[in-house]
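Just below is one structure, and these are the notes that go with it.
The values are calculated or read from the model by the stated rules, or taken from the named source; none is laboratory data. If you're wondering where the values come from, they're calculated on a predicted model, not measured in any experiment. Note that we place each Cβ from the backbone using ideal geometry, even for glycine, and neighbour counts take in every protein chain shown. Keep in mind that these areas ignore ligands, DNA and RNA; they rest on the heavy atoms of the full protein, side chains included. Shrake-Rupley method; radii C 1.70, N 1.55, O 1.52, S 1.80 Å.
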2 protein chains.
Amino acid sequence: MIRLEEARLATLKDVAALAGVSVKTVSNVVNGYAFVKPENRRRVEEALTATGYRPNIGARNLRRGRTGFVALVLPELVVPYFAELAGLVLGAAQEQEWNVLIEQTLGTREGERDTLASLGPHMIDGAIVSPEALEARDFGELAPGIPVVMLGEHSVDLPLDHVGIDNVEAARVAVAHLIGLGRTRIAAIGAHPHRGTAAQRLEGYRKALTEAGLPVRDDLVATALNYHRRDGADAMARLLAGDEPPDAVFCFNDLLAVGAVRAAAERGVRVPADVAVVGFDNTEEGTYSLPSLTTVAPDKAAIARAAVDLLRRRVDDPERPPEHVRTPFSLEIRESTRGGA
Amino acid sequence: MIRLEEARLATLKDVAALAGVSVKTVSNVVNGYAFVKPENRRRVEEALTATGYRPNIGARNLRRGRTGFVALVLPELVVPYFAELAGLVLGAAQEQEWNVLIEQTLGTREGERDTLASLGPHMIDGAIVSPEALEARDFGELAPGIPVVMLGEHSVDLPLDHVGIDNVEAARVAVAHLIGLGRTRIAAIGAHPHRGTAAQRLEGYRKALTEAGLPVRDDLVATALNYHRRDGADAMARLLAGDEPPDAVFCFNDLLAVGAVRAAAERGVRVPADVAVVGFDNTEEGTYSLPSLTTVAPDKAAIARAAVDLLRRRVDDPERPPEHVRTPFSLEIRESTRGGA
DNA sequence: CGACTGCTTTACAACGTTGTACCAACGATG
DNA sequence: CATCGTTGGTACAACGTTGTAAAGCAGTCG
């Protein structure tokens, strides 16, 4: 049963020798060029399967000037939203015959800059970037002219393609839902000095309160420097320790919400009876948590698809004007804002 | 402020022309060759920064016969264990100057085979594979001689490098913990016909019961064809509907455990009072869930590091005998098996 | 002073692929 | 019969890089 594999992989040259034609003819067959004599085509195809030929992508790309790789630059895979999104982007990219290089920036400006710098310009055809702390000048690090699609909101106002939901409106809807439940001391968790999405969600939060004639109280806006469960728990603990603790909390992502729920439970504060909680991202974790999470649900599949489509079009035509795609979202109402346990 | 970027990226030739030396001398400087006259080195370095030269990875790899890419083949990024692991592998690979190509197989044999086949042999230096349904013959799809490191247990007995914890022992420890709480009707969730790890964890489960003189009852072993939250919930529902419902459950991963806890809660069954629950993987989700999850905690960082190290050594010396690395684990005891709510 | 040694640099080929230019048949057209 | 367009095929160069071999130039030794 021991089978000696040929040490070297077959190249066009090997196939050509076996089929008795020129290298270029084999290349033509491989690339589906029309004008090849049927007889020769057959011979080449036989030789192709006989040798188990696989094209050398590197060499092909060197010649063609394309790499077949795109980078997906995101903060952290351990954040379920990004893990889910990455999975969907992987799928969408596969349809474009693109391989995806996932790069983690860890959410810091340093990390984002290093990543952009390290992505050799020759390495990728383009990049899908989900920035957290990126600023305009950081884009100088990207190789000149690399096609980029941005995900989520970004404060930097660059002429780049962009995909995202209407964060202001989504936040407004979420908070309006809480107001509709009769809650009046509604807190927000997730304010952040440098994050574009944070600013927008905060704006939506304020808008909803104002529209309902409720005061916007600074002591009910909790900052979170990261968006992990721990940060949500810490923020909730601070809010609950205040003089007038909130009766509802709008968290800027599901992880913060999970942490907030946990912190509440640890203090004997019931969700939703004492505090209603809304999250953001509709990660699967929130549908099984106790209580399950009411959350803003962006259409992640649509985001992934749109991002890859946009990148494809940008790569094919670098001169086209930048496009902004708004993807839909919905509000998933679950136990954390409902009567149920 | 408009800056025209040069259309073409600088190549060694451009740098050489600017510095007034040969292409090879520039290459030597770039690669840190020792014997370059200081004067020339200085000139080259100036030209290097002046042109903003970045090596063309594709061309370099074509020449060197290495690609600088490794594939990480895993079932699904939405499974937190794999997301966490992927993040760690990304970090470890970065230290080896490797770029990581993440491929999702979706846990099916088809997916795993397609993935292996699509990874052009020229595309990667090696692969780290976390198989779920893979069988021995599928490895024929991998290009002959591609270095592979396997993660987790695999039933296929191939001469491959391998990293994983002692699943039998880990499962035994987990179940022994439940027995130590005085539980006697201990169920298992996660049996699977084709999964190597499932078989091993089941063996550990049986071993612990037998050692304690408890009967192994087939009606307390629940199959899960996937390891998602939904599968855990379904399995738990089936168990609770039985004649003698369990007073403890050992789940083969944390997602199953989360689903099981949810299903119990929906039926008014208290965790841990009525049913104690143990998970596996120590995902962060389990530390914030209500109740928090007692779980087997593999050292994921150690796994990632070992996998990358092993792959590096295999790439450097394809002839070395396969190595099996056992990474440590611990049992994290939390609320789901403790007195607390 | 010739030969050897060690440093420094260069020209050239090669990795595997594809675009360009060109050549050779062939049948159809003038 | 000369010409032309179509079809089928090939040789060569080039993408950007690095290994090899070899050459130039010191200085040193016998």
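If you check B:ALA265, B:ALA297, B:ALA257, which single one turns out to be within 8 Å of another protein chain (Cβ to nearest Cβ), in contact with a Leu (Cβ under 8 Å, 6 or more places away or on another chain) and either small (Gly, Ala, Ser) or not in a helix (DSSP H, G or I) (or both)? Sole residue among the options that is within 8 Å of another protein chain (Cβ to nearest Cβ), in contact with a Leu (Cβ under 8 Å, 6 or more places away or on another chain) and either small (Gly, Ala, Ser) or not in a helix (DSSP H, G or I) (or both): B:ALA265. The single condition among (1) touching a Gly at 6+ places or on another chain (Cβ under 6 Å); (2) under 26 Å from B:LEU88 (Cβ atoms) that B:ALA260 does not satisfy is (2). Please tell me if B:THR49 is in a helix (DSSP H, G or I), open to solvent by 80 Å² or more (accessible area, probe 1.4 Å) and not charged (D, E, K, R). So B:THR49 fits the description; yes. Would you check if there is a residue in the range A:104-117 being of a type in the set (Gly, Ala, Ser) and modelled with pLDDT of 90 or more? Checked the range A:104-117: no residue is of a type in the set (Gly, Ala, Ser) and modelled with pLDDT of 90 or more.
For the range B:207-234, filtering for residues that are within 14 Å of chain A (Cβ to nearest Cβ) and within 25 Å of the chain's Cα centre (by Cα) leaves 8. Residue selection: A:ILE186 satisfies the criterion of being open to solvent by less than 30 Å² (accessible area, probe 1.4 Å) and not basic (Lys, Arg).
Within the range A:50-65, the set of residues being under 39 Å from the mean Cα position of the chain (by Cα) and either away from DNA strand D (no atom under 12 Å from the Cβ) or of a type in the set (Val, Ile, Thr) (or both) comprises A:GLY52, A:TYR53, A:ARG54, A:PRO55, A:ILE57. May I ask you to list the residues in the range A:234-251 that are crowded, with 22+ Cβ neighbours inside 10 Å and either within 23 Å of B:VAL258 (Cβ to Cβ) or of a type in the set (Gly, Ala, Ser) (or both)? Matches in the range A:234-251: A:ALA235, A:MET236, A:ALA248, A:VAL249, A:CYS251.
Hey, does the range B:38-46 have a residue that's away from every other protein chain (no Cβ under 14 Å), at pLDDT below 90, open to solvent by less than 80 Å² (accessible area, probe 1.4 Å) and near DNA strand C (Cβ under 10 Å from one of its atoms)? Scanning the range B:38-46 turns up no residue that is away from every other protein chain (no Cβ under 14 Å), at pLDDT below 90, open to solvent by less than 80 Å² (accessible area, probe 1.4 Å) and near DNA strand C (Cβ under 10 Å from one of its atoms).
Tell me the residue from A:LEU202, A:LEU214, A:LEU209, A:LEU225 that is open to solvent by 70 Å² or more (accessible area, probe 1.4 Å) and over 23 Å from A:VAL269 (Cα atoms), please. None of the others qualify; the one that does is A:LEU225. Just to be sure before I move on: is B:VAL278 more than 14 Å from chain A (Cβ to nearest Cβ), open to solvent by less than 10 Å² (accessible area, probe 1.4 Å) and not in a helix (DSSP H, G or I) in the structure I sent? Considered against the rule, which asks whether it is more than 14 Å from chain A (Cβ to nearest Cβ), open to solvent by less than 10 Å² (accessible area, probe 1.4 Å) and not in a helix (DSSP H, G or I), B:VAL278 comes out as yes. Residues of the range B:289-314 that are within 19 Å of the chain's Cα centre (by Cα) and β-branched (Val, Ile, Thr): B:THR295, B:VAL296, B:ILE303, B:VAL308. Residue count for the range B:220-239 satisfying the condition of being of a type outside the set (Gly, Ala, Ser) and assigned to a strand (DSSP E or B): 2. Checked against (1) in a helix (DSSP H, G or I); (2) closer than 30 Å to A:THR287 by Cβ, B:PHE250 passes all but condition (1). Of everything listed in (1) surrounded by fewer than 16 Cβ atoms within 10 Å (Cβ to Cβ); (2) away from chain A (no Cβ under 14 Å), the single unmet condition for B:THR337 is (1). You will find that of B:GLY120, B:GLY58, the residue that is modelled with pLDDT under 90, at the interface with chain A (Cβ under 8 Å from one of its Cβ atoms) and part of a helix (DSSP H, G or I) is B:GLY58 and no other.
For the range B:61-79, the set of residues classified as within 11 Å of DNA strand C (Cβ to nearest atom), within 9 Å of another protein chain (Cβ to nearest Cβ) and of a type outside the set (A, V, I, L, M) consists of B:ASN61 only. If the Cβ limit is 7 Å and pairs must be 6+ apart or interchain, which residue in the range B:92-111 that is assigned to a strand (DSSP E or B) pairs with which residue that is of a type in the set (Phe, Trp, Tyr) and open to solvent by less than 30 Å² (accessible area, probe 1.4 Å)? Pairs found: B:ASN99/B:PHE69; B:LEU101/B:PHE69. All of (1) farther than 29 Å from A:ASN56 by Cα; (2) within 16 Å of DNA strand D (Cβ to nearest atom); (3) at pLDDT 90 or above hold for B:LEU88 with one exception: (2). Taken together, the residues in the range B:273-306 that are in contact with a strand residue (DSSP E or B) (Cβ under 8 Å, 6 or more places away or on another chain) and over 23 Å from A:PRO80 (Cβ atoms) amount to 3. Scanning the range B:24-49 for residues that are in contact (Cβ under 8 Å) with a residue 12 or more places away in the chain and more than 9 Å from DNA strand D (Cβ to nearest atom) turns up B:THR25, B:VAL29, B:ASN40, B:ARG41, B:ARG43, B:VAL44, B:GLU45, B:GLU46, B:ALA47, B:LEU48.
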